[in-house]
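Please read the structure below before turning to the comments.
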Amino acid sequence: MEIFTSLEDPKALSELWIIEKLALHSSRIDPEYFCGGAFSILAAYWGARSDLLGGSSEKAREFYSRALEYNKNRSLIPHYVNMRYISIVKENASEFEDLAANISNFNAGSSDTALINEVIKKKAVSLFSKKDNFF
């Protein structure tokens, strides 16, 4: 997701199409790989930019839904992607707050995604602390 934090960098922008193609290809080969991770990437791809700058909140939400379908509540990645790349761009403060609450209350347990979920929880807390900058 590093490329999505550098959207003002012309080189990063010129490589976005590669991300989309790879994620689409991955989603066709094995849509369940890493809890539907390709769909989370595609949600970030479409959601990180406003509709005026070539993004699509509609497509981002479709891919977010697909990510949730394959995620089966194992990973916080789709929820963080929605919080970071869709809710903020669409200026949806209530969704942002709901996602932050859901992420912080998620029980990581001892699953194979427990470590990444704990990292995402910390990132979500940090992002939430900057809420006033976004809304």
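Where a number appears in this text, it was derived from the coordinates with a stated rule and is not lab data. These numbers come from a predicted model, not from an experiment. When we count neighbours, we look across all protein chains shown, and the Cβ atoms used for this are built from the backbone with ideal geometry, even at glycine.
Against the numbered list (1) more than 15 Å from the chain's Cα centre (by Cα); (2) within 28 Å of residue 12 (Cα to Cα), residue 106 comes up short only at (2). Residue 111 passes every criterion in (1) among the polar types (S, T, N, Q); (2) farther than 21 Å from residue 37 by Cα; (3) surrounded by 14 or more Cβ atoms within 10 Å (Cβ to Cβ) apart from (2).
Counting only residues that are acidic (Asp, Glu), give me the helices (runs of 4 or more DSSP H) lying completely in segment 83-135 with at least 3 of them. Walk me through how you get there before you give the answer.
Values: elements: 93-105, 114-129, 131-134.
Helices (runs of 4 or more DSSP H) meeting the threshold: 93-105.
Among the residues of segment 11-33, those that are outside any helix (DSSP H, G or I) and over 22 Å from residue 49 (Cα atoms) comprise 30, 31, 32, 33.
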